[in-house]
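Since every read-out is calculated from the coordinates, none of them should be taken as a lab result. Please read all numbers here as calculations on a predicted model, not as lab measurements. For neighbour counting, all protein chains shown are included, and Cβ atoms are generated from backbone atoms with ideal geometry for every residue, glycine included.
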Amino acid sequence: MQLAATNGMLVLQPSAWVLASWANAGRFDAVFYTLQGVELLAGVVNWTLLTLNTRDGLRMAGRGRVGRPSKAQPRLGAE
């Protein structure tokens with residue numbers, strides 16, 4: 001989670017502000033599109049990290065699937 005927060009604070013927010021400023025000024029050059037690509041890549045990294053964190057949290061809570069069972073198995077204690 002620290003990497004996701006750092007990524008958001010140091011890459012996503014500043015690049016969003018810069019891109020918004022450049023877009024308002026009509027500056028659509030190679031640097032704009034390069035920075036937009038970096039921002040999109042950082043967003044994908046954040047999405048992946050948050051998804052993996054959610055999956056691991058569900059597993060720790062006992063609500064996520066650990067493996068793919070071949071048949072439906074009854075939950076222990078569910079009667």
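Could you grab me the full set of residues in the stretch 26-55 that are over 8 Å from the mean Cα position of the chain (by Cα) and polar (S, T, N, Q)?
Within the stretch 26-55, Thr34, Gln36, Asn53, Thr54 qualify.
Would you call Gly37 in contact (Cβ under 8 Å) with a residue 12 or more places away in the chain and surrounded by 10 or more Cβ atoms within 10 Å (Cβ to Cβ)?
So Gly37 fails the test.
Considering each residue of the stretch 11-40, count those that are under 26 Å from Arg55 (Cα atoms) and out of contact with any helix residue (DSSP H, G or I) (no Cβ under 9 Å at 6 or more places or on another chain), and give that number.
Residues that pass the stated criteria total 2.
Find all pairs meeting these conditions: Cβ atoms under 7 angstrom apart; at least six residues apart or on different chains; first residue within the stretch 52-63 and of a type in the set (D, E, K, R); second residue loosely packed, with under 11 Cβ neighbours inside 10 Å and outside any helix (DSSP H, G or I).
Arg59/Val66
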